[in-house]
Amino acid sequence: MGVVAFCLIVSSFPMKSATAANTNGAKCSKIGQVVTVKIKKKSTELICTQVGKNKIWQKRTAPTPGSNPTGSSTPTTPVVAAPSSSGSSSAVTQVTSSYAILADSPYTRVASGTNPSGYLSAVGLASTTGSTLFDHPSGLASNGTNLLLVDRGNNRILVWNIAPTSSSTPPDFVLCQNSMTSSASGSGLNQCNWPSDAVVTSSGKMLVADSDNNRILVWNTMPTTTGQSASYAIDLGADAWPWGIWSNGTKVVASLTTKAQLRIWNTFPTTGSEPADITIEGNTTNCLGTPRGVFSNGTAIIVGDHNGKCTNSSVAHVFTSWPTSSGAAVGYDIVPEDGNYAWPHGSFDSATGKMYLLSKYLVEYSDAGTTLPRSTKIATSTPFEGGDGGDVEIVNSYLYATEYNGNRVAVFKGIPTASASASFYIGSPGVDTSAANKVVNTLQTNYMITNPQVATLGGAMAISSDFDRKIYVWKNIPATDGAKPDLVWTTQNQNDSNPLLAMDFQPDSSAAATAFDGKPLYAAAGEKTFVVWRGIPTKITDVPSLNIKNSIGNVNFSGSLRVAADSKYFYILDGDAKRIYVWSGIPTDQNDSPDFSIGADVNRIRSDGNWLVGTSLYQSPHVLVWSVSTLGQNAAATGTVSFTMNLPQDAIVVNGVLIVADTGFHRILAWNSISAATAGGSPDAYLGTTGSSDKGPNLSTTETRWPASLWAANGYLWVGERKFGHRVLRFALS
């Protein structure tokens with residue numbers, strides 16, 4: 001089981017003086033009790049907290065001025081640091097935060113079956129706060145009266161019997177969960193695992209694309225109560241990953257992303273065992289790459305695509321007539337105005353026949369005829385944050401638009417005009433008055449970090465995010481579940497007057513170490529940039545010592561930079577060039593060429609001072625290891641770990657133990673020795689999974705979904721989930 005959550009309820013327990021047993025890390029008896037002790041002659045508060053099965057004393061951080069002394073997770077207004085002569089900048093934001101400090105542990109081994117003992121970047125290990133906090137909502141559906149919202153990250157379908165006409169109307173019931181606060185995934189007919197889309201037919205049938213279960217759930221009649229089981233499931237086979245589903249009660253279309261297929265049933269499948277009548281395979285003629293959302297008016301079929309095989313990558317393919325064979329041709333493509341944004345997706349208005357698609361903008365199309373239809377951008381005053389799951393549904397003259405990355409639904413009373421703003425929002429308080437043309441994003445206010453990269457050093461913690469373009473900093477390593485950071489640094493600050501803070505990059509890698517000079521070092525890297533601070537930046541006046549972009553010395557970067565550091569060397573991997581550049585010590589400035597380099601087909605690097613480790617995602621995924629003591633120009637790897645893995649995105653060594661994030665198989669692997677791993681031995685331990693044969697994604701108190709970043713220090717292993725998960729999980733080492 002996960003750690004029991006606790007709050008710092010100071011008023012419930014009077015402050016007490018220390019006894020001999022009241023020391024940091026010692027056992028205590030009453031959760032929430034606070035005492036004052038002397039540590040190095042300095043008065044320090046300890047709070048009794050639950051860690052795993054034990055109650056122990058841990059240091060308590062002093063609340064930041066203006067913070068809630070109870071440690072409540074109620075969102076607070078960030079305080080932006082004003083520029084000053086001392087070096088502070090708008091690059092950093094202070095956050096009111098209060099949490100217990102994690103006590104160090106001497107342990108370094110990974111034990112199979114260990115469950116997470118804590119978490120950050122989430123409101124629960126497998127739970128949420130209720131019906132109003134979503135987690136990347138995606139598909140919308142309606143029978144013309146009700147409204148269904150697929151709340152993908154919470155593994156549930158929220159249902160309003162009558163489509164809401166105000167932000168205060170809660171859902172009437174939830175499917176795939178037994179309550180409004182549970183969010184665990186499952187494979188029963190009353191459960192979902194990362195659902196993506198839904199549809200309700202005029203005859204009352206309901207279908208859900210249950211993506212990670214590789215199936216379509218079917219209810220023969222519209223369900224009416226929480227947790228009601230589906231009538232049956234259409235099994236699509238392993239690795240199907242259905243993303244989109246559409247039906248009019250007779251015909252059915254499903255998009256299978258991983259298989260690059262559209263499957264079409266011309267007669268509604270009544271048992272789940274009927275094969276599709278037509279299967280359209282993606283190729284360079286129809287251009288289907290990884291098909292996503294799908295919808296139709298019964299004649300035309302519109303298929304979103306994230307990786308189109310022809311000219312356009314992010315695109316909606318339009319089959320202008322109902323396909324009659326597997327060789328059906330696409331009539332034309334609809335391309336988003338900004339190709340950096342997701343494929344257009346939406347629905348038809350049954351009253352007018354017009355089509356509404358959302359990407360960066362909401363666009364109205366006159367129809368889906370035989371040629372590319374006339375289009376008009378609408379609601380341009382609404383700052384949409386669509387992403388990989390945007391959708392549109394029109395019900396009772398209201399238009400609903402899902403904002404996947406905005407974590408909300410924008411609602412318009414009537415079809416919006418060209419410059420309309422949303423009438424109200426579901427899942428968001430609405431307009432953010434602290435910034436122009438911005439809406440409150442509850443992913444941000446709850447500090448749910450996308451693609452987290454963890455580092456700790458000197459008792460502090462930093463978590464970088466390439467998607468968020470931010471570095472979240474805790475002045476102390478938190479023991480409190482879901483603790484908010486103390487500072488948030490932006491890496492999208494290119495106009496700062498201080499050139500060391502003027503940066504614009506996606507930090508997809510970080511490193512923290514005691515450097516060659518005995519001083520702390522924290523670095524972040526991504527794209528063609530790397531930035532170095534002398535320690536984790538825990539003060540608003542902390543300024544990087546290096547901010548390097550595009551080139552250094554005699555090296556011009558190609559891209560996808562990753563960073564590692566130890567007490568001897570500083571490493572930059574140019575992922576696009578497949579070369580690791582190495583400096584003895586730390587680069588002094590933009591003109592400092594590396595001391596040597598190593599060619600390596602790896603995507604990420606780490607070093608503990610004894611071993612340099614590189615993970616290779618593609619082309620027979622593997623891990624390369626080099627002994628740091630033997631490094632030099634084009635040094636050959638000491639060994640290769642070729643155990644069968646799927647997209648391993650990170651690997652670290654801690655006290656001789658090799659730990660690998662086996663991302664695509666949703667587990668963490670550990671070998672107790674490098675030699676055993678490179679000799680072909682099986683892992684000594686597995687984490688985040690039910691056993692060595694379990695390779696599927698799940699969201700639970702014991703399992704992981706897309707574990708992709710690792711950090712081990714002070715007796716704990718931190719695991720960051722990527723892309724389709726965002727938790728930062730803490731495992732106690734043994």
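The values are calculated or read from the model by the stated rules, or taken from the named source; none is laboratory data. Quantities reported herein were computed from a predicted structural model and do not represent experimental measurements. Cβ: placed from backbone, ideal geometry, glycine included. Neighbour counts: every protein chain shown. Remember, those area values only see protein heavy atoms, side chains included, never the ligands or the DNA or RNA. Shrake-Rupley method; radii C 1.70, N 1.55, O 1.52, S 1.80 Å.
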Between ILE415, ILE463, SER168, whose Cα lies farthest towards the positive end of the dipole of the chain when Lys and Arg beta carbons carry +1 and Asp and Glu beta carbons carry -1, centred on the Cα centre?
-> ILE463
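Could you order the peptides 394-401, 726-733 from most to least packed, using the average number of other C-beta atoms within 10 Å per residue? Mind showing how you got there, number by number?
On the way: 394-401: 20.6, 726-733: 23.8.
Per-residue mean Cβ counts within 10 Å order the peptides as 726-733, 394-401.
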So what does the Cα-only Debye profile of the range 480-633 read at q = 0.13, 0.14, 0.17, 0.19 Å⁻¹, as log10 I(q)/I(0), no solvent term?
-> -0.58, -0.68, -0.98, -1.20
For the range 567-672 (alpha-carbon point model, no solvent) the Debye-based log₁₀ I(q)/I(0) at q = 0.22 Å⁻¹ works out to -1.18
Evaluate the relative contact order of the range 497-569 (contact order divided by residue number), counting alpha-carbon pairs under 8 angstrom at least 6 apart; express in whole percent.
-> 35 percent
How much length is gained on full extension from SER313 to ASN634, taking 0.36 nm per residue of separation minus their Cα-Cα distance?
-> 111.9 nm
Summing -39500 (n - 2.57) over the DSSP H runs of n ≥ 4 in the chain and dividing by its residue number, what mean residue ellipticity at 222 nm do you reach, to the nearest 500 deg cm²/dmol?
-> 0 deg cm²/dmol
In nm, give the distance between the simple-model label positions of ILE162 and ALA676, each being 7 Å from the Cα along the Cα-to-Cβ direction.
-> 6.5 nm
Dipole of the chain (Lys/Arg Cβ +1, Asp/Glu Cβ -1, origin at the Cα centre): which of GLN261, LEU658, VAL431 lies farthest to the positive side?
-> LEU658
Using Cα pairs closer than 8 Å and at least 6 residues apart in sequence, work out the relative contact order for the chain, in percent.
-> 11 percent
Ordered by residue, what ³J(HN,Hα) values in Hz, to whole numbers, does the range 716-725 give under the Karplus form 6.51 cos²θ - 1.76 cosθ + 1.60, where θ = phi - 60° and Gly and Pro are x?
-> 9, 10, 9, 10, x, 8, 10, 6, 9, x
Roughly speaking, what % of Cα-Cα pairs in the chain are separated by over 52 Å, rounded to a whole number?
-> 12 percent
Karplus-derived HN-Hα couplings along the range 530-540 (A = 6.51, B = -1.76, C = 1.60, θ = phi - 60°), whole Hz, x at Gly and Pro = 9, 10, 10, 10, 8, x, 4, x, 9, 10, 5
What net charge is computed for the residues neighbouring VAL653, neighbours being all others with C-beta under 11 Å from the C-beta of VAL653, Lys and Arg scored +1, Asp and Glu -1?
-> -1
Hey, can you rank 303-314, 551-562, 480-491 by average C-beta count inside 10 Å, highest first?
-> 480-491, 303-314, 551-562
Compute the accessible area per residue over the chain, keeping the other protein chains in place, probe 1.4 Å, unit Å².
-> 37 Å²
Selected from THR299, GLY715, TRP671, residue furthest toward positive end of dipole (the chain; charges at beta carbon) = GLY715
List the extent of the Cα atoms of the range 245-363 along each of their three principal axes, largest first, rounded to whole Å.
-> 42, 35, 21
In debye, nearest 20, what is the charge dipole magnitude of the chain about its Cα centre with +1 on Lys and Arg Cβ and -1 on Asp and Glu Cβ, if you could check?
-> 2140 debye
Counting alpha carbon pairs within less than 8 Å and at least 6 residues apart, what relative contact order, in whole percent, applies to the range 203-350?
-> 15 percent
For the range 165-231 the translational diffusion coefficient, Stokes-Einstein from a Kirkwood Rh over Cα pairs at 37 °C and viscosity 0.692 mPa s, in µm²/s, is roughly 263 µm²/s
Find how much the distance from THR690 to GLU281 grows on full extension, using 0.36 nm per residue of separation minus their present alpha carbon separation; answer in nm with one decimal.
-> 143.8 nm
Based on alpha-carbon positions alone, could you give the equivalent ellipsoid semi-axes of the range 456-499 from the gyration tensor, as √(5λ), descending, whole Å?
-> 23, 12, 8
Carbon and sulfur: what percent of the chain's accessible surface (1.4 Å probe)?
-> 48 percent
Give the whole-number value, in cubic angstrom per residue, of the convex hull volume spanned by the C-alpha atoms of the range 349-484.
-> 129 Å³
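Please compute the net charge surrounding THR402, taking Lys and Arg as +1 and Asp and Glu as -1 over other residues with Cβ under 15 Å from its Cβ. Please list the in-between numbers first.
On the way: positive: ARG152, ARG156, ARG292, LYS360, ARG408; negative: ASP135, ASP151, ASP197, GLU385, ASP388, ASP391, GLU393, GLU403.
Net local charge, THR402 excluded: -3.
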Report the full-extension gain for the segment GLN619 to ASP239: residue separation times 0.36 nm, less the Cα-Cα distance, to one decimal in nm.
-> 134.9 nm
